[in-house]
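The values are calculated or read from the model by the stated rules, or taken from the named source; none is laboratory data. The structure displayed is predicted, hence computed values, not measured ones. Here the Cβ is made from the backbone with ideal geometry for all residues, glycine too, and neighbour counts use every protein chain on show. Please note that ligands, DNA and RNA were not included when accessible areas were found on the heavy atoms of the full protein model with its side chains. Shrake-Rupley method; radii C 1.70, N 1.55, O 1.52, S 1.80 Å.
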Amino acid sequence: MSNQKDPQRRPQTATPGWPDIFAALAAEASDGRLKTFYEAGCVAPETPLAEVPLVAMDFETTGLDPNQHSIVSIGLVPLSLVRIYSRDARHWVVRPLLPLHQQSVTIHGITHTEIDQAPDLTEIIGDLLSALAGKVVIVHHRGIERPFLDVAMQWRLGEGIRFPVIDTMAIEAQVNPQRRPNWLRRLQGQRPLSIRLPDSRTRYGLPHYAPHHALSDALASAELFQAQVQHHFSPHTPIGELWY
Amino acid sequence: MQAELIEIRNHLSQHEPFDELPDETLDMISSQVEVAYYRAGTDISEFDQPSTDLFYIRSGAVDIFRRSGELYNRLGEGDIFGQFGLMMKKTVRFPARALEDTLLYCIPGDVFQELWKTHDSFADFVEIEDRTRLRTAVSRRQKSNELMNVRVTRLISRPPITAPDTIRLQEAARIMTHEGVSALLLMDESRTPHTMAGIITDRDLRTRALTEALPSETPVADIMSSDLISIRSDAYLFEAMLTMLHNNVHHLPVVEKGQPRGIIGLSDIVRYESQSTLFVVSNIYRQKDVKGLKAVSKDVSLSFVRMVNEDANSHMIGSAMAGIGRSFCQRLLELGEEQLGPPPVPYCFMALGSMARDEQLIVTDQDNAMVLDDAFDPAQHDEYFKALAKFVSDGLAACGYSYCTGDIMATNAKWRQPLRVWKEYFTDWIENPEAQSLLHSNIFFDLAGIHGETAFTDTLKQLVAEKASRSRRFLAMLARNALNRTPPLGFFRTFVMEEGGEHNKTINLKRRGTAPLSDLIRVHTLACGSTAQNTFERLKAVAETRLLPEGSAENLRDALEFIAIVRIRHQALAIEAGRAPNNSVRPEDLSSFERRNLKDAFQVLSNGQKFLRYRYHAPTGRP
């Protein structure tokens, strides 16, 4: 996974910051929906976490490569550091552009009928962007949601999308620097610490949720982020220390 | 479009008072829930803050306090709090703090008000629960009620991970690592529907595969446990606890209509049981030497007292204490085998008496024996088994299980014999019975294999069950012995007390109560050819035959439970007061309720003995 190649990399707070990038992109964007999204702006990097509107997002996809595979479903749930708001949770099944492999159908629990009746991403993009507008997105493993959405929008609108994300998997890697046992411990049978979503949740006493449902996974990441902040950070931590 | 949060909805639907609400109401609630995480030790709500939500514990544990700061209640998964403030004054009455890392589902106040107004079952629950909880101080009952009222399905968090029983070790290990589980169910896929063929656990991988350095391509079927111990999905937590204790397993598949629904682990129940019996047991298996075991043994009387205070019944307490005793034996045998090397021939370590009956209490000595393989050659092998028996016996003594005064221990060469000799012993006892010698061998008719080739013990149980029911003379002798100890009741239903000595003017609840009751029930059990060992189980087996008059089995069960629980409470009180527990109570220390019921119970025993004399033509009362 891409982020494991750069565990030492610290998020950048240097210029140009995300607020500036958003302002520039708002001027450039030609699609109205995208323009509105950028115009909602982005919080300054020094904003304390407690004041940042957040939204946890998860995609189910037909594979791992944004250039070959396609989005099947999107789940998102807004939150703050103290509460996760299920009344504003959203879940969409969208029609992938590529034929659905039998394999992934069983994993996601989504049937062909559901897929056939599902809208194309274009039809829900306005709703999706307005749910994200003004908020900072939380994902578990940043190699999926942002690149997939970027490619999907380039494909459909001719222009991609950029936005900051908080990566709960990267946080797990960062707070467990010793997670790969040295050769002696490996010899004694110690395994590397898993930073997958279910395993990470277990370390904070969070319950087991059935995996591979976009909305459940979004909720799972949202809970994990609340737990991580209470254990390792503080409400005063500037968002710029955590986003990518 | 509102998105359905399936995880929230499903969990709510499994717990009171939400389980009785209609589907659309549950949909509405789960779409309004706000989720909040609280790290252990943080305050959730403080006194006199405005009440905003009804809190539902999704995972973790929460302490509820009185205004004075005194602990009022301790809640766990599926419990709710905050309703009192919402119903009354709109401010928090009972502050709450996270005891463990806790995930809460917060149901907004207006949703609560609507549920309260529209759903009677919901209103009843939140109102009545609160009134009763007010009366109880820190409700310890709550926890024990959970053990007795909560079904095992509550602990299932995911479907079991399964694999075909044809896979290799390496594949099994890979699946377990990938799924993050400590037990894997193996299925026989040659049948439709697939049936459970066995289970393999982390412990199996360590003790069977790694220590013997088995190649990774070994078929998993070679090391899996194929005599699967499982539990029905409608069983209660305490049944799961007893099953684990009795069989020394740490994982139980939960089975519904022949199909596995999930696996529950020792650790799942330990959480429910809040540091009690199973906690002690899991601690025993972690000890590396006798010194460590001795340290753990100090917790045994604490967990005994805790169970008594939690209102567990005598069956639960007896089984739990026997489970602890078995675990000490098993761990000592493992340690002994580590020290002395693997046994030269197969053997079975056998518990006798109260441990075998799952009726052990806190004051107890060790009664055990060894059944060796018929290939046993004293000259070659006995040195090993003698040393092992001594190691275990000394270890047990160090852990508070005093040496048996009658020398019924595996250290005695007479009780360390091959299966063939044991068969002769039992055959002789049954076919050539003599009252006096039977008195001493009585204890061998309560037996349980607890380590090694338990099939040896099963063979002996089977032999006893078959031969005993056919030997009228044996049953008559046994019945006669069972009449030796009479209940302490005088002609006018007055208590007859022991005279003189340390226990002057007391009643011995064991000698005059529980022991003659188990003696009596043992005779009926052997007569009906049952292999049951626990006295309550034996009564069930007997009740299924026509051996006893109508209603008699129920009366005996109630009498046994009552005498046993008075005895247990008496011992718990002594421990709490720092005195040595014993079996002798003074009638004036009993409440009038206890005295009255105790007399009734002794009367049942007396009637039971009269029937026993008549039924088996037992020669005379006292020898």
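Do you know which residues across the range B:471-516 are assigned to a helix (DSSP H, G or I), in contact with a helix residue (DSSP H, G or I) (Cβ under 8 Å, 6 or more places away or on another chain) and under 25 Å from B:Thr427 (Cα atoms)?
B:Phe474, B:Leu475, B:Met477, B:Leu478, B:Ala479, B:Arg480, B:Asn481, B:Ala482, B:Pro516
All but one of (1) within 21 Å of B:Leu5 (Cα to Cα); (2) within 14 Å of chain B (Cβ to nearest Cβ); (3) touching a strand residue (DSSP E or B) at 6+ places or on another chain (Cβ under 8 Å) hold for A:Leu224, so report the exception by its number.
Status for A:Leu224: all satisfied but (3).
For B:Glu4, state whether it is open to solvent by 20 Å² or more (accessible area, probe 1.4 Å), within 19 Å of A:Leu79 (Cα to Cα) and within 14 Å of another protein chain (Cβ to nearest Cβ).
yes
With the requirement that a residue be buried (at least 16 other Cβ atoms within 10 Å of the Cβ) and more than 24 Å from B:Tyr614 (Cα to Cα), what does the range B:484-530 give you?
Answer for the range B:484-530, where residues must be buried (at least 16 other Cβ atoms within 10 Å of the Cβ) and more than 24 Å from B:Tyr614 (Cα to Cα): B:Phe495, B:Met497, B:Glu498, B:His503, B:Thr506, B:Ile507, B:Asn508, B:Leu509, B:Lys510.
Starting from the range A:153-165, take each residue that is under 20 Å from A:Ala218 (Cβ atoms) and list its partners that are of a type in the set (D, E, K, R) and surrounded by fewer than 20 Cβ atoms within 10 Å (Cβ to Cβ), counting only C-beta distances under 7 angstrom and pairs at least six apart or across chains.
A:Met153/A:Glu159; A:Ile161/A:Asp150
If you go through the range B:196-218, how many residues are more than 14 Å from chain A (Cβ to nearest Cβ), within 16 Å of B:Asp165 (Cβ to Cβ) and either without any contact (Cβ under 8 Å) to a residue 40 or more places away in the chain or surrounded by 15 or more Cβ atoms within 10 Å (Cβ to Cβ) (or both)?
The total comes to 9.
Just give me the residues in the range B:7-49 being part of a helix (DSSP H, G or I), within 12 Å of another protein chain (Cβ to nearest Cβ) and either farther than 18 Å from B:Gly78 by Cβ or among the β-branched types (Val, Ile, Thr) (or both), in sequence order.
B:Ile8, B:Asp27, B:Met28, B:Ile29, B:Ser31, B:Gln32
Can you pull out the residues in the range A:76-94 that are open to solvent by less than 10 Å² (accessible area, probe 1.4 Å) and within 7 Å of chain B (Cβ to nearest Cβ)?
Result: A:Ile84, A:Ser86, A:Ala89.
Give the number of residues within the range B:57-109 that are within 22 Å of A:His231 (Cβ to Cβ) and not polar (S, T, N, Q).
18
Within the range B:544-559, track down each residue that is under 20 Å from B:Ala527 (Cα atoms), touching a residue at least 24 places away in the same chain (Cβ under 8 Å) and in a helix (DSSP H, G or I).
B:Ser552, B:Asn555, B:Leu556, listed by residue number.
Among B:Leu115, B:Leu103, which is the only one that is at pLDDT 80 or above, open to solvent by less than 60 Å² (accessible area, probe 1.4 Å) and more than 14 Å from every other protein chain (Cβ to nearest Cβ)?
Answer to the check: B:Leu115.
Looking only at the range B:590-623, which residues are closer than 19 Å to B:Thr494 by Cα, modelled with pLDDT of 85 or more and of a type in the set (Phe, Trp, Tyr)?
B:Phe602
Taking the range A:153-168 as the search range and keeping residues that are open to solvent by 10 Å² or more (accessible area, probe 1.4 Å) and part of a helix (DSSP H, G or I), which one is modelled with the highest pLDDT?
Looking at the filtered set, the residue picked out is A:Gln154.
Could you please tell me which pairs satisfy a Cβ distance under 8 Å, a separation of 6+ or placement on different chains, a first residue in the range B:97-120 that is part of a helix (DSSP H, G or I), and a second residue that is open to solvent by less than 30 Å² (accessible area, probe 1.4 Å) and of a type in the set (Phe, Trp, Tyr)?
B:Leu115/B:Phe122; B:Trp116/B:Phe122
Determine whether the range B:370-378 contains at least one residue that is touching a Pro at 6+ places or on another chain (Cβ under 7 Å) and more than 28 Å from B:Asn534 (Cα to Cα).
Looking through the range B:370-378, at least one residue is touching a Pro at 6+ places or on another chain (Cβ under 7 Å) and more than 28 Å from B:Asn534 (Cα to Cα).
Tell me, which residue of the range A:111-137 that is part of a loop (DSSP other than H, G, I, E, B) and modelled with pLDDT under 90 is least open to solvent (accessible area, probe 1.4 Å)?
Here the answer is A:Ala118.
I'd like the residue in the range B:53-85 that is part of a loop (DSSP other than H, G, I, E, B) and out of contact with any strand residue (DSSP E or B) (no Cβ under 7 Å at 6 or more places or on another chain) and, out of all such residues, is farthest from the other protein chains (Cβ to nearest Cβ).
For the range B:53-85, the residue satisfying everything is B:Ser68.
Checking B:Trp422 against (1) closer than 25 Å to B:Pro516 by Cβ; (2) open to solvent by less than 30 Å² (accessible area, probe 1.4 Å), only one condition comes out false. Which one?
So the condition that B:Trp422 fails would be (1).
When you scan the range A:66-74, do you find a residue that is surrounded by fewer than 21 Cβ atoms within 10 Å (Cβ to Cβ), part of a helix (DSSP H, G or I), away from chain B (no Cβ under 14 Å) and free of Cβ contacts under 8 Å to residues at least 60 places away in the same chain, even just one?
No.
Among the helices (runs of 4 or more DSSP H) confined wholly to the range B:223-315, which include 2 or more residues that are of a type in the set (D, E, K, R) and open to solvent by 20 Å² or more (accessible area, probe 1.4 Å)?
B:266-272, B:290-309
Could you give every pair whose Cβ atoms fall below 9 Å, whose first residue belongs to the range A:197-211 and is at the interface with chain B (Cβ under 7 Å from one of its Cβ atoms) and in a helix (DSSP H, G or I), and whose second residue is at pLDDT below 90 and open to solvent by 30 Å² or more (accessible area, probe 1.4 Å), counting only separations of at least 6 or pairs across chains?
A:Pro198/A:His208; A:Pro198/A:Pro211; A:Pro198/B:Gly180; A:Asp199/A:Leu193; A:Asp199/B:Gly180
Do you know which residues across the range A:228-244 are in contact (Cβ under 8 Å) with a residue 24 or more places away in the chain and either part of a helix (DSSP H, G or I) or facing chain B (nearest Cβ under 9 Å) (or both)?
A:Gln228, A:Val229, A:His231, A:His232, A:Ile239, A:Gly240, A:Glu241
Tell me the residue from B:Asp382, B:Asp394, B:Asp374 that is acidic (Asp, Glu), open to solvent by 20 Å² or more (accessible area, probe 1.4 Å) and assigned to a loop (DSSP other than H, G, I, E, B), please.
B:Asp374
May I ask you to say which residue of B:Gly318, B:Gly336 is closer than 24 Å to B:Asp289 by Cβ and in contact (Cβ under 8 Å) with a residue 24 or more places away in the chain?
Going through B:Gly318, B:Gly336 in turn, the sole match is B:Gly336.
From the list A:Leu184, A:Leu149, A:Leu206, A:Leu197, which one is at pLDDT 90 or above and more than 30 Å from A:Ala44 (Cβ to Cβ)?
A:Leu206
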